[in-house]
1. Name, by its number, the condition in (1) polar (S, T, N, Q); (2) part of a strand (DSSP E or B); (3) in the same structural domain as LEU139 (by TED's automatic domain parsing) that does not hold for GLN164.
2. Could you check THR137 against (1) among the polar types (S, T, N, Q); (2) in the same structural domain as LEU171 (by TED's automatic domain parsing); (3) free of Cβ contacts under 8 Å to residues at least 24 places away in the same chain and say which number it fails?
3. Can you tell which of GLY255, GLY269, GLY238 is of a type in the set (Gly, Ala, Ser), assigned by TED's automatic domain parsing to the domain that holds SER188 and touching a strand residue (DSSP E or B) at 6+ places or on another chain (Cβ under 6 Å)?
4. Please pick out the residue among THR170, THR109 that is loosely packed, with under 13 Cβ neighbours inside 10 Å and assigned to a strand (DSSP E or B).
5. Test LYS296 against the stated conditions and say whether it is charged (D, E, K, R) and in contact with a helix residue (DSSP H, G or I) (Cβ under 8 Å, 6 or more places away or on another chain).
6. Criterion first (modelled with pLDDT under 95 and either out of contact with any helix residue (DSSP H, G or I) (no Cβ under 6 Å at 6 or more places or on another chain) or part of a loop (DSSP other than H, G, I, E, B) (or both)) does LYS76 satisfy it?
Amino acid sequence: MGKIRYHRWLGVILGLMVATALMFGQPSASTNAEADPVVITFDAKGGEVSPTGQAATPGEPMGDLPTPSRTGYTFKGWFSDDGTSINSASRVPNINSTLEAHWSASTYTVNFDATGGKAVKSKTVTFNSAYGSLPTTSLPGYAFTGWYTQASGGSQITSDSLLQSAKDITLYARWRKVNPFDHWVSVSLAHQTATLMDGKQAVTTFTISSGKPSTPTLKGAFKVYSKVASQALRGGRGADAYYYPNVKWCVWFHGNFGFHTAYWHNDFGKAVSHGCINMRQADAKKLYQWVVVGAKVVVA
C-alpha cells in the first residue's frame, strides 16, 4: 500500500509541474541571452562627424545620432544605403551598417560695390557653383575692367569663377582711367557697320545705313565737331526733299555728315540714306555717349 501511495503522490507532483510549465513557459537560451551588438558607422560624405561610429542593439531604437558639419552645406539627415531616411526612432538592423550624410549646398548673397560707378543690384549664388552672369557698371572718364574680391589687390571674379566663400561677400569694381580721345568710331561702308573703338580695341559694332549711290557718305578721317541730343533735319530737293522732326542722338563730324537715329525706316544694312549714317535709336545713343567733341571718325 505504501508504494502505491508513493507513486500516486509522485504522479500528482509531476502533473502539477507539467501544468505549471505549460502555463508560465520555460525560459529559453534565446530569451536569457541578449543579442550581440552591431556597429553603426557614420559616413559624413565630405563633412566632419564625431563619433564616426557607435555600437547598438539590433531591434532597438537608434537613439541619439551625431550631427555632422560641412562648410558651405546644410545637413539634410542620415540615410541608409538604399536611400531610407534614418532618425533616432529608426530600429537598429541586425548587421553592421553604414549611414550616409545627405547635404544641400547653401546659397549666399553677392553684393557689388561699384566704387564710385553706377550702382548695381546684388545676386544670390550657390556655394561651390559658378557666379554666372555678372553685372556691368559705368563711371564717366573710366573703363570698367572687372569685379575683384578686394577694393585693391584681391582676385578677379568672372562668370566662370566658383563661389568658395561660405558667407555673404562683396565684390569691388575696378576701373582704368581713359583718355576720352581714345574713344573713336570706325565706319565700314562695304559692310554697313560702325564700330566703337577704344584705342586699337574694337568694343561694339552696329549695323548702319549709309548714303545711297545718289547721295553717298563721304569717306575720310574726320573729327566730331558737334553733338546734339535732338533736332529737326531738313534737306533735299523736289521729290527727294525731306523733313524729320525730333531726330535723336546726332553726332556731326563734317558739314552735314553725321550719325543719327532714323525712325522713318528699318533698312539697316543697306545704303539708303541722304548721306548721313543712320542708326537704330539704342545704337545711336551708345555712340553719342561714347565720343566727345574732337573724337576721331574714320569712314572707309
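The values are calculated or read from the model by the stated rules, or taken from the named source; none is laboratory data. What you see is a predicted model; the values in this text were computed from it and never measured. Every residue, glycine among them, receives a Cβ derived from its backbone with ideal geometry; neighbour counts consider all protein chains shown.
1. Of the numbered conditions (1) polar (S, T, N, Q); (2) part of a strand (DSSP E or B); (3) in the same structural domain as LEU139 (by TED's automatic domain parsing), the odd one out for GLN164 is (2).
2. Of (1) among the polar types (S, T, N, Q); (2) in the same structural domain as LEU171 (by TED's automatic domain parsing); (3) free of Cβ contacts under 8 Å to residues at least 24 places away in the same chain, only one is false for THR137: (3).
3. The conditions single out GLY269.
4. THR109
5. Working: charged (D, E, K, R): yes; in contact with a helix residue (DSSP H, G or I) (Cβ under 8 Å, 6 or more places away or on another chain): yes.
Answer is yes for this residue.
6. It is false that LYS76 is modelled with pLDDT under 95 and either out of contact with any helix residue (DSSP H, G or I) (no Cβ under 6 Å at 6 or more places or on another chain) or part of a loop (DSSP other than H, G, I, E, B) (or both).
The rows are residues; the columns are (1) farther than 30 Å from LYS219 by Cα; (2) at pLDDT 95 or above; (3) hydrophobic (A, V, I, L, M, F, W, C); (4) under 18 Å from the mean Cα position of the chain (by Cα).
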{"site": "PHE112", "(1), (2), (3), (4)": "yes, yes, yes, yes"}
{"site": "LEU139", "(1), (2), (3), (4)": "yes, no, yes, no"}
{"site": "THR158", "(1), (2), (3), (4)": "yes, yes, no, yes"}
{"site": "ASP168", "(1), (2), (3), (4)": "yes, yes, no, yes"}
{"site": "SER186", "(1), (2), (3), (4)": "no, yes, no, no"}
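Rundown of residues vs (1) touching a His at 6+ places or on another chain (Cβ under 9 Å); (2) modelled with pLDDT of 95 or more; (3) among the charged types (D, E, K, R), yes/no style:
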{"site": "GLN231", "(1), (2), (3)": "yes, yes, no"}
{"site": "GLY238", "(1), (2), (3)": "no, no, no"}
{"site": "ALA241", "(1), (2), (3)": "no, no, no"}
{"site": "LYS248", "(1), (2), (3)": "yes, yes, yes"}
{"site": "VAL251", "(1), (2), (3)": "yes, yes, no"}
{"site": "PHE257", "(1), (2), (3)": "no, yes, no"}
{"site": "HIS260", "(1), (2), (3)": "no, yes, no"}
{"site": "ASP267", "(1), (2), (3)": "no, yes, yes"}
{"site": "LYS270", "(1), (2), (3)": "no, yes, yes"}
